[in-house]
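The values are calculated or read from the model by the stated rules, or taken from the named source; none is laboratory data. On a predicted model such as this, the values are computed, not experimentally measured, just so you know. Note: ideal-geometry Cβ built from the backbone for every residue, glycine included; neighbour counts use all protein chains shown. What goes into the accessible areas is simple: the full protein's heavy atoms, side chains included, and nothing from ligands, DNA or RNA. Shrake-Rupley method; radii C 1.70, N 1.55, O 1.52, S 1.80 Å.
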Amino acid sequence: MNNAAFQVHSNDFEDLTAEHFDMTMKTNLYGYFNMAKAAVPHMRPGAVILNTGSITGIDGSKALVDYSLTKGGIHAFTRSLAGNLVGKGIRVNAVAPGPVWTSLRQGGRGRIQIRLKDTNETACATRRNRTRLRLSRILALFKLHHRRDPAHHRWLLARRAE
Amino acid sequence: MAEASTSKAGTTVSKQRRIQKMVARKDAASRKSQDRPMQTGARRYPVPPFPKQHYPKPGHERVLDPQPMYDAPFYRGSQKLQDKVAIITGGDSGIGRAVAVLFAREGADVVVLHLAEKADAAVTKAAVEGEGRQCLVVAGDVAKRAFCEKAVARTLDAFG
């Protein structure tokens, strides 16, 4: 499961330095790529790559230009790699959480933002995913999540196809 | 005749106002609770606003307030990942830790990769072992290809 990430916000685009941008790309994109490259030769049919996307990769986020760029990239990487590896019987999926209370975020902003939308959307997306396990799906989770929720979706995506 | 009908209308209007007032009072009383996120879990979850805090990278979970919840005490595993092996980058804390614990509860052994958050990784390892599964911890930077190769090799040595 690709999950490690670097995130620091910059309110002003001019404050986003080349070094900062580089660090975000290297950790969030190269990190996912490197792990996939290292793991795939050893993965058997039925194995799973699970990427951590983000709502910011779908909607964008004004103070997280670099981070949301990597997350959008991860979503495309997920769909593309899923198509590429399907012949080997390896599934590739992503979960795209909304804000979650973790130490990643607390390096950045002090306050968490809430988005409250109907979670039925999530439930429907998950159901579809279970019936189409071979396809990569991006689940956008629109609620303020406590961490158990994304984890819960992850086992749905990681477990054996039924 | 006209007079009687006017007074009837007056009664209706005052009835309507009484209903309106009653609803307005109820609305005012319940407005506060409507602004709160709903609580539909088996236990109460913390509600923002949380205290402002800013910590140096790489991000240590043990200093966060409130402490993130990852133990999911009401969730029972059912061997969905029985005897699988999961490598989780950033598995020391946050979403990674919650996933590590719940994957273990579903029967998987876990390899936690982390940058430098030793103490957090130790907590995750103990939690995975508490679920009756094995946990290997490897420290390093996933931005480096050589580290990723090494981490996979160590996984194969331990669980392959």
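Quick rundown of the values:
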item	result
A:Val48 out of contact with any strand residue (DSSP E or B) (no Cβ under 8 Å at 6 or more places or on another chain), of a type in the set (A, V, I, L, M, F, W, C) and in contact (Cβ under 8 Å) with a residue 60 or more places away in the chain	no
Unmet requirement for A:Gly57, which otherwise passes all of (1) farther than 22 Å from B:Thr155 by Cα; (2) at the interface with chain B (Cβ under 10 Å from one of its Cβ atoms); (3) buried (at least 18 other Cβ atoms within 10 Å of the Cβ)	(2)
Which listed residue is surrounded by 19 or more Cβ atoms within 10 Å (Cβ to Cβ), within 20 Å of the chain's Cα centre (by Cα), farther than 17 Å from B:Ser78 by Cα and among the small types (Gly, Ala, Ser), from B:Ala104, B:Ala127	B:Ala127
Qualifying residue in region B:55-62 (condition: more than 8 Å from chain A (Cβ to nearest Cβ) and more than 30 Å from A:Asp22 (Cα to Cα))	no
Pair list, Cβ < 9 Å and 6+ apart or interchain, from region A:52-73 residues that are over 25 Å from B:Arg97 (Cβ atoms) to residues that are among the acidic types (Asp, Glu) and open to solvent by 10 Å² or more (accessible area, probe 1.4 Å)	A:Ala63/A:Asp12
So B:Thr155, is it of a type in the set (S, T, N, Q), more than 9 Å from chain A (Cβ to nearest Cβ) and surrounded by 18 or more Cβ atoms within 10 Å (Cβ to Cβ)	no
Single residue of region B:83-96 satisfying the filter (at pLDDT 95 or above, open to solvent by 10 Å² or more (accessible area, probe 1.4 Å) and at the interface with chain A (Cβ under 9 Å from one of its Cβ atoms)) that is farthest from B:Ala121 (Cα to Cα)	B:Lys84
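Conditions (1) within 8 Å of chain B (Cβ to nearest Cβ); (2) in contact with a Pro (Cβ under 8 Å, 6 or more places away or on another chain); (3) under 16 Å from A:Arg91 (Cα atoms); (4) open to solvent by less than 70 Å² (accessible area, probe 1.4 Å), marked per residue:
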| site | (1), (2), (3), (4) |
| --- | --- |
| A:Gln7 | no, no, no, yes |
| A:Asp12 | no, no, no, no |
| A:His42 | yes, no, yes, no |
| A:Asn51 | no, no, yes, yes |
| A:Ser61 | no, no, no, yes |
| A:Val65 | no, no, no, yes |
